[in-house]
Amino acid sequence: MTVVRSKFADAYLTALESYRAAATESALRVAYELGREAVARGLSVLDLAAVHHQALLRTLAGTTTGAEAERAAASASDFFLESLSAFEMVQRGFREAREAAHLEQRQTLMLRRLSSFLADTSLALGGSGALEEVLQLVAEQARELVGASWSLACLAVDGESP
């Protein structure tokens, strides 16, 4: 066991015993803060589970009846779940960042395709229907880029209304 994990395990056991003695919201908040500390120190979920298991064994060793052991296990479970919430938030943040990066990649690809299409020389030469085709493509790409369900593009020539 590393020094960091050993110190963390001592703090976890102390906090768990305090929570067991007085199951208050402030004592439960310590579990949340310990979870945040575990994340900040680079401990894994498995490290936290191992620390919790050792603390639970020590806590259960101090019980004298089955009912007392059951209450100790139940309060330890609440404490453990609260300490895991910091890991859940990190995982949710990672998932959201990954989804945002994926969306950014899709948008970049769409813009590249649109740019390539607009640079196509055959369209610039004014082939039949080229302007309408470009307008339709731009409208479709813009709709997809902003996530709209539909788009409408109008063309006004020589000051006429669309």
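Cβ-Cβ contacts under 9 Å between residues 6 or more apart (or on different chains), taken from a first residue in segment 85-104 that is in contact (Cβ under 8 Å) with a residue 24 or more places away in the chain to a second residue that is of a type in the set (Val, Ile, Thr), are listed as Ala86/Val39; Phe87/Val39; Phe87/Val45; Val90/Val39.
Within segment 13-31, the set of residues being in contact (Cβ under 8 Å) with a residue 40 or more places away in the chain, crowded, with 16+ Cβ neighbours inside 10 Å and within 14 Å of Glu82 (Cβ to Cβ) comprises Ala15, Leu16, Tyr19, Arg20, Leu28, Ala31. Checking each residue in segment 85-101 for being surrounded by 11 or more Cβ atoms within 10 Å (Cβ to Cβ) and more than 10 Å from Arg36 (Cα to Cα) picks out Glu88, Gln91.
Let's see how each residue does on (1) surrounded by fewer than 16 Cβ atoms within 10 Å (Cβ to Cβ); (2) within 21 Å of the chain's Cα centre (by Cα); (3) modelled with pLDDT under 95:
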| position | (1), (2), (3) |
| --- | --- |
| Leu43 | no, yes, yes |
| His52 | no, no, no |
| Ala55 | no, no, no |
| Glu68 | yes, no, yes |
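Can you tell me which residue is surrounded by the fewest Cβ atoms within 10 Å (Cβ to Cβ) among those in segment 121-156 that are at pLDDT below 75 and in contact with a helix residue (DSSP H, G or I) (Cβ under 9 Å, 6 or more places away or on another chain)? Step by step, filter segment 121-156, then rank; the result is Ser122. Among the residues making up segment 78-119, those that are out of contact with any helix residue (DSSP H, G or I) (no Cβ under 9 Å at 6 or more places or on another chain) and hydroxyl-bearing (Ser, Thr, Tyr) are Thr108, Ser115, Ser116. Within the span defined as segment 86-106, one or more residues are more than 30 Å from Gly147 (Cα to Cα) and assigned to a helix (DSSP H, G or I).
The values are calculated or read from the model by the stated rules, or taken from the named source; none is laboratory data. This structure is a prediction, so every number in the text was calculated from the model and none was measured. Cβ: placed from backbone, ideal geometry, glycine included. Neighbour counts: every protein chain shown.
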